[in-house]
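Student: I'd like to ask some things about the structure below.
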Amino acid sequence: MLFNSVEFLVFFPIVIALYYAIQYKWRWLLLLAASYIFYGSWKVEFLSLIALSTLVDFYVGKQLYENTDPKKRWKYLLLSLGLNLGLLIFFKYGSFLANLALPIAPIPEWRKNQIVSFLAFDLPVGISFYTFQTMGYTIDIFKNKIKPEKHLGKFALYVSYFPQLVAGPIERFKHLQPQLLANNKLTYRNLCHGARLMLYGFFIKMVIADNIAPLVDAVFESPLEYSLITRWTGILGFGWQIYADFYGYSLIAIGAARCMGVELITNFKTPYFAKSIQDFWRRWHISLSTWFRDYIFVPLGGSNVNKVIWIRNILVVFILSGLWHGANYTFIIWGAIHGLFYLIERSIKVPNRSFLKPIHWLKTYLIVSFAWLFFRAEDISNAMEVLFGADSMYSNKYLDLPFELVFGFIIFIMLELLFKSDSVNSVLNRTPFAVRWSGYGVIIFFILSFAGTTNHPFIYFQF
């Protein structure tokens, strides 16, 4: 079920009420059942994939901890990585790889069509997130950083905890598991802080992202009907759509967990205020960038290598990050753009003077926005049409910006400036009572009055 759905608005209060009503020792079972119901509401058969990853990694974790033979430990680790990456590659990249291989494969055409038809299934929601989370668990045990969970059901809860199951944040076992099993008390502070985050998340998802979405869709579906300036407006618009969409999801996820006394890691720190590509990735999707840093970049040698290998490591991480988002050449290009400009920035030393900060910010914002073109485009041809397509006789069409979107966007930017140097709850705790509750009223009014007419799924659900 979607966070911004009637089903969730019924489901979540029931879970919270039961969570604090039942005995502490049974809470893990309630949350596990709630998590499986939450995920199964999309497609119940895909629960088998989560269950398979859970069973295998629970077994592997125990074997890694109990064995000291390096060869056996490597075999168990490869079993975990092979299963999780195998499922991910099959379900997410199977069709992409088949389309690469089938044109040159020496098999009959009818067999090729049969293979393509077989691989044309729905992508399991959130498979990239929970596979990365559970792989991190086994890798950390292999490196002797953590001890395995002894209880299968409680480990299953770590893998499937519903607030962050389908789109993160990607949590580390040593941070999340103790909180899930703690005897969290019902407090006004947790409920208040969680509700605030959820409210702001609903606002930027439903009022900002969902109202920008149809404007962006119109440009990318028929780019040649619009002028170059309008098409660039669509590119910039998608940048704000995905920002509000994913940031909104993350806030709702973190807020929902906070209502249960669980503090998920921060996944966003106003990334559009970044002054370099490196700074951007310290602020955007933090749980993913740190995962790639710890489990890909560092094992490759990190920065403690010669310059050529370091460049290779950077490009590998950024290109894999692009591929993680989807099986399409456009995602590879998106990752490569970030990697190349990251290398250029690190190679050219520019004085960090205060008067240059606006220039650094504008440069970073334009690079990130340009890269979003390939992230959003259906394919390379679509991206080229948006970027270079000649204006047609219909290019006098323009995007009709709704007043409520403009007004809501202004409020959003003002709030982001307010939250630039501190967290949402820290700022609100310092805000006078009357001002704070007036702000809640305005946000609720916008959600009820100006939410997008179409309920767009969260963009990162497709990953």
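Student: Which one of Tyr188, Tyr243, Tyr226 is of a type in the set (Ser, Thr, Tyr) and modelled with pLDDT under 90?
Tutor: Working: Tyr188 fails: modelled with pLDDT under 90; Tyr243 fails: modelled with pLDDT under 90.
Checking each option against the conditions leaves just Tyr226.
Student: Would you confirm whether or not region 118-135 contains a residue that is modelled with pLDDT under 90, farther than 21 Å from Leu79 by Cβ and assigned to a helix (DSSP H, G or I)?
Tutor: Yes: region 118-135 contains one or more residues that are modelled with pLDDT under 90, farther than 21 Å from Leu79 by Cβ and assigned to a helix (DSSP H, G or I).
Student: Hey, another quick one. Might you check whether a residue that is farther than 14 Å from Val207 by Cβ and in a loop (DSSP other than H, G, I, E, B) occurs anywhere in region 401-417?
Tutor: No; the residues of region 401-417 include none that is farther than 14 Å from Val207 by Cβ and in a loop (DSSP other than H, G, I, E, B).
Student: Among the listed residues Val308, Val317, identify the single one that is over 25 Å from Val125 (Cα atoms) and hydrophobic (A, V, I, L, M, F, W, C). If you could, list the steps in order and put the result at the bottom.
Tutor: On the way: Val317 fails: over 25 Å from Val125 (Cα atoms).
Only one candidate passes the filter, namely Val308.
Student: Inspect region 347-360 for any residue being without any contact (Cβ under 8 Å) to a residue 24 or more places away in the chain, surrounded by 13 or more Cβ atoms within 10 Å (Cβ to Cβ) and either among the small types (Gly, Ala, Ser) or outside any helix (DSSP H, G or I) (or both) and give the result as yes or no.
Tutor: First, the residues of region 347-360 that are without any contact (Cβ under 8 Å) to a residue 24 or more places away in the chain: 347-356, 358-359.
Pick out the ones that are also surrounded by 13 or more Cβ atoms within 10 Å (Cβ to Cβ) and you get 356.
When the remaining residues are screened for being either among the small types (Gly, Ala, Ser) or outside any helix (DSSP H, G or I) (or both), the result is none.
Scanning region 347-360 turns up no residue that is without any contact (Cβ under 8 Å) to a residue 24 or more places away in the chain, surrounded by 13 or more Cβ atoms within 10 Å (Cβ to Cβ) and either among the small types (Gly, Ala, Ser) or outside any helix (DSSP H, G or I) (or both).
Student: May I pose another question? Tell me, which residue of region 1-14 that is free of Cβ contacts under 8 Å to residues at least 60 places away in the same chain and not aromatic (Phe, Trp, Tyr) is nearest to Gly82 (Cα to Cα)?
Tutor: Among those residues, the one meeting the criterion is Met1.
Student: Any residue in region 318-343 that is farther than 18 Å from Ser287 by Cβ sitting within a Cβ distance under 7 Å of a residue that is of a type in the set (Lys, Arg)? List the pairs, counting only those 6 or more apart or interchain.
Tutor: Hits for this filter: Ala327/Lys92.
Student: Here is a follow-up. Inside region 226-335, counting only helices (runs of 4 or more DSSP H) that do not spill past its ends, which hold 3 or more residues that are among the aromatic types (Phe, Trp, Tyr) and buried (at least 16 other Cβ atoms within 10 Å of the Cβ)? Outline the logic, then answer.
Tutor: Details: elements: 228-258, 277-283, 286-292, 307-325.
Passing ranges, in order: 228-258, 307-325.
Student: It is to be established whether one or more residues within region 131-140 are under 23 Å from Gly248 (Cα atoms) and not hydroxyl-bearing (Ser, Thr, Tyr). Lay out the reasoning, then the answer.
Tutor: From region 131-140, those under 23 Å from Gly248 (Cα atoms) are 131-133; that's our starting set.
This time we only want the ones that are not hydroxyl-bearing (Ser, Thr, Tyr), so: 132-133.
Yes, region 131-140 contains a residue that is under 23 Å from Gly248 (Cα atoms) and not hydroxyl-bearing (Ser, Thr, Tyr).
Student: Answer yes or no as to whether Arg231 is free of Cβ contacts under 8 Å to residues at least 60 places away in the same chain and outside the structural domain of Asn84 (by TED's automatic domain parsing). Break it down into steps so the answer makes sense when it comes.
Tutor: On the way: free of Cβ contacts under 8 Å to residues at least 60 places away in the same chain: no; outside the structural domain of Asn84 (by TED's automatic domain parsing): yes.
In short, no.
Student: On the basis of being crowded, with 24+ Cβ neighbours inside 10 Å and part of a helix (DSSP H, G or I), does Ala218 make the cut?
Tutor: Details: crowded, with 24+ Cβ neighbours inside 10 Å: no; part of a helix (DSSP H, G or I): yes.
No; evaluated as a whole, the condition is false for this residue.
Student: Could you please give the count of residues in region 202-254 that are within 21 Å of the chain's Cα centre (by Cα) and hydroxyl-bearing (Ser, Thr, Tyr)?
Tutor: Of the residues in region 202-254, 4 are within 21 Å of the chain's Cα centre (by Cα) and hydroxyl-bearing (Ser, Thr, Tyr).
Student: Applying the selection to region 23-82, what residues are farther than 30 Å from Asp122 by Cβ and β-branched (Val, Ile, Thr)?
Tutor: Hit for region 23-82 is Thr68, nothing else.
Student: Just the residues that are touching a residue at least 12 places away in the same chain (Cβ under 8 Å) and part of a helix (DSSP H, G or I), please, taken from region 36-50.
Tutor: As a first pass, look at region 36-50 and keep what is touching a residue at least 12 places away in the same chain (Cβ under 8 Å): 36-39, 41-43, 46, 49-50.
Selection gives Tyr36, Ile37, Phe38, Tyr39, Phe46, Leu49, Ile50.
Student: Of the residues Pro148, Pro214, Pro223, which single one is touching a Lys or Arg at 6+ places or on another chain (Cβ under 8 Å) and more than 27 Å from Asn67 (Cα to Cα)?
Tutor: Details: Pro148 fails: more than 27 Å from Asn67 (Cα to Cα); Pro214 fails: touching a Lys or Arg at 6+ places or on another chain (Cβ under 8 Å).
After ruling out the rest, the residue left standing is Pro223.
Student: Now, a different point. Condition check: hydrophobic (A, V, I, L, M, F, W, C) and in the same structural domain as Pro214 (by TED's automatic domain parsing). Does Ala383 satisfy that? Please lay out each step first, then the result.
Tutor: On the way: hydrophobic (A, V, I, L, M, F, W, C): yes; in the same structural domain as Pro214 (by TED's automatic domain parsing): yes.
Yes.
Student: So Gly452 fits all but one of (1) outside the structural domain of Thr233 (by TED's automatic domain parsing); (2) assigned to a helix (DSSP H, G or I); (3) modelled with pLDDT under 85; what number is the exception?
Tutor: It fails just one condition, (2).
Student: Then there is this: Here is a list of conditions, (1) assigned to a helix (DSSP H, G or I); (2) crowded, with 19+ Cβ neighbours inside 10 Å, and Asn4 meets all of them except one; can you say which number that is?
Tutor: (1)
The values are calculated or read from the model by the stated rules, or taken from the named source; none is laboratory data. None of the values given here were measured: they were computed from a predicted structure. Backbone-built Cβ (ideal geometry, glycine too); neighbour counts: all protein chains shown.
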